[in-house]
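For reference, the structure is listed below as structure tokens.
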Amino acid sequence: MLEQEIETKEKEILVDRQGEVLTGASPHKLSKSFYIESYGCAMNFSDSEIVASILNKEGYGPTKEMDQADLVLINTCSIREKAEDTIRQRLTVFNKAKRENKKLVIGVLGCMAERLKTKLMEEEKLVDLVVGPDAYRELPGLVNAALTGQKGINVLLSREETYDDITPLRLESNGVLAYISIMRGCDNMCSFCVVPFTRGRERSRNAFTIVAEAQDVFDRGYKEVTLLGQNVDSYRWENPETGAAVSFAELLVMVAEVNPKLRVRFSTSHPKDITDEVLYAIRDHHNICNYIHLPAQSGNSRILKLMNRTYDRPWYEAKINRIYELIPDCTISSDIITGFCTETEEEHQDTIDLIKWSKFILSYMFYYSERPGTMAARKYEDDIPYETKKRRLAEIVDVQREESRQSNLKDIGRTYEVLVEGNSKKSDLQFKGKTGRFKMVIFDKIPGVLPGDYVMVKIESCNSATLFGHITKKID
Ligand code: SF4
């Protein structure tokens, strides 16, 4: 299957069918290939890279062509009904491929696999494997059994599993940005959320393996890592040898000290757990980006209580004030759910007001989608009409877009340090990259500047999503 192997002094670098270098690929011969589609949050994309590494050790190489694959996998999301509908549509395409190639093995991974378990196999006759987020080590064995016609399922959730000994195989990577998962699961029980049921209890990964992975990707030329977790602020790893505990703030500093040229970001924070120590770490380390993703979900305290978010509006405002107090030029983004059970027009207006008051640079906004098995589904009626949900969503999207535009307008005339990520989508004559404050910038290429370089860019114009400028100098 594998096209070519190039000897280097340290490791063999393997290329797949398209000639892409497989970062972290295992040295032995790849005789089979797998095709994987990933959906949902960054955690899922990071999991797909762990799956790729596990399969790679078994002789599987990734391919981007489904018709070339021996194994087709889909890493699923269950956060909203629409997400699961998308998966079902993709499965019809996979089923067609299986009718043309009977030996093809189809596997469903991730949160939908965990939520539906055997039901998924009953519904989807052509699915051979259903594997939950904590059972990926079992995948090779399940695939081998499926090749003999035996369907397989493993949806056991674990209290220990963090895959911390597995080096992810970077799949959709631009060679500049890498995700590093630092913990798994979530102990919060937000009433609308399926994650605690599909990803299990919280467990933090060995801090030293996280630092080693950050060092490894930096040595491979990556310039930015994003530390991932459902609620990174509750990260806490106890060293079994010394009993010493590592907090999230300490972990941030450990990763930042890998190299001052390695940018560090993290996602996702929880307003109830983010500490001053985390804010000091951001304030005192240039390479820990001054940007925080802090989901509010709603701007109304009664709704926040129904959502079981464990904080109210004044608490959230106090956190925002504290962030701007300690890091005045910090930027903040959020998650918002509109149209939650019994939400009134006034309470909807509270959310609009919170977006304006907090000056979010962007938000991920959705209307409430009832998820089976959640506390909200069990206790509250999903009583907001669909048309009202859609209208409220459109209103908060408009308000957020204007807040984003106002924030970008303030950047015109200023010069920022930007990490070059690659070509802009619209033109190969331009690069795209982000400021530390998580703002996307588009600027003309100049000789001697490549992806992975840091440059200073003077901002000349903007729209609500993007800044436009020109390079004033390259930072060596
Ligand atoms: S913090 Fe709440 S919304 Fe986020 S993953 Fe955990 S339960 Fe879900």
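Please treat every number below as a calculation from the coordinates, not as lab data. Bear in mind that the values here come from a model prediction, so they are computed numbers and not experimental data. No Cβ is skipped: glycine too gets one built from the backbone with ideal geometry, and neighbour counts run over all protein chains shown.
All C-alpha pair distances within region 177-408, sorted into 10 Å bins from zero, spread as 8, 30, 34, 21, 7, 1 percent across the bins. Across all Cα pairs in region 102-185, the calculated P(r) in 5 Å bins from zero up to the longest distance comes to 3, 14, 21, 20, 18, 13, 9, 3, 0 percent per bin. Note on region 48-175: Cα convex hull, mean projected area over all directions, 8.3 nm². Kirkwood-type hydrodynamic radius, region 69-135: 11.9 Å, calculated from all non-identical alpha-carbon pairs. For region 105-243, the alpha-carbon coordinates run over 45, 36, 31 Å along the three principal axes, in decreasing order.
Based on alpha-carbon atoms, the Kirkwood radius and the radius of gyration of the chain give Rg/Rh equal to 0.96. Cα gyration tensor of region 210-300, axes a ≥ b ≥ c as square roots of the eigenvalues: rounded (a/c below 1.5), prolate (a/b > b/c) or oblate? Verdict is oblate for region 210-300. Calculated translational diffusion coefficient of region 415-475 (37 °C, 0.692 mPa s; Stokes-Einstein with Kirkwood radius over alpha-carbon pairs) equals 298 µm²/s. The alpha-carbon of residue 379 sits under 19 angstrom from the alpha-carbons of these lysines, leaving out residues fewer than 8 places away in its chain: 305.
Highest-first packing order for the peptide set 183-193, 281-291 is 183-193, 281-291, based on the mean count of other beta carbon atoms within 10 Å. Charge dipole of the chain (Cα centre as origin; +1 on each Lys and Arg Cβ, -1 on each Asp and Glu Cβ, all else neutral): 720 debye, rounded to the nearest 20. Here is the short version for the chain: 41, 77, 111, 186, 289, 330, 341, 462 have no other Cys C-beta closer than 4.7 Å. P(r) for region 162-228, from all Cα pairs and a bin width of 5 Å, is 4, 16, 23, 19, 16, 12, 9, 2, 0 %, short bins first.
Charge tally for residue 149 (other residues, Cβ to Cβ under 12 Å; Lys, Arg +1; Asp, Glu -1): +2.
Across the cross-link table entries 261/425; 96/125; 82/432; 445/474; 319/389; 57/96, which are compared at the Cα atoms, the separations over 22 Å belong to 261/425; 82/432; 319/389; 57/96. For the listed peptides 413-422, 335-344, a ranking on the average number of other beta carbons within 10 Å per residue, highest first, reads 335-344, 413-422. If the viscosity is 0.692 mPa s and the temperature 37 °C, what Stokes-Einstein diffusion coefficient in µm²/s follows for region 268-383 when Rh is the Kirkwood radius over Cα pairs? Estimated diffusion coefficient is 219 µm²/s. Kirkwood radius, region 334-396, all distinct C-alpha pairs, inverse of mean reciprocal distance: 12.3 Å.
What aspartates and glutamates sit close enough to residue 473 to cross-link, taking a C-alpha to C-alpha distance under 16 Å and skipping anything fewer than 8 places away on the same chain? Those aspartates and glutamates meeting the cut-off are 417, 444, 453, 460. Helices in the chain, meaning DSSP H runs of at least 4 residues, each add -39500 (n - 2.57). Divided by all residues, the mean residue ellipticity at 222 nm is -10000 deg cm²/dmol. The lysines within cross-link reach of residue 410, meaning a Cα-to-Cα straight distance under 19 Å and a gap of 8 or more places when in the same chain, are 356, 359, 434, 439, 458. Divide the volume of the convex hull around the Cα atoms of region 369-468 by the residue count and you get 152 Å³ per residue.
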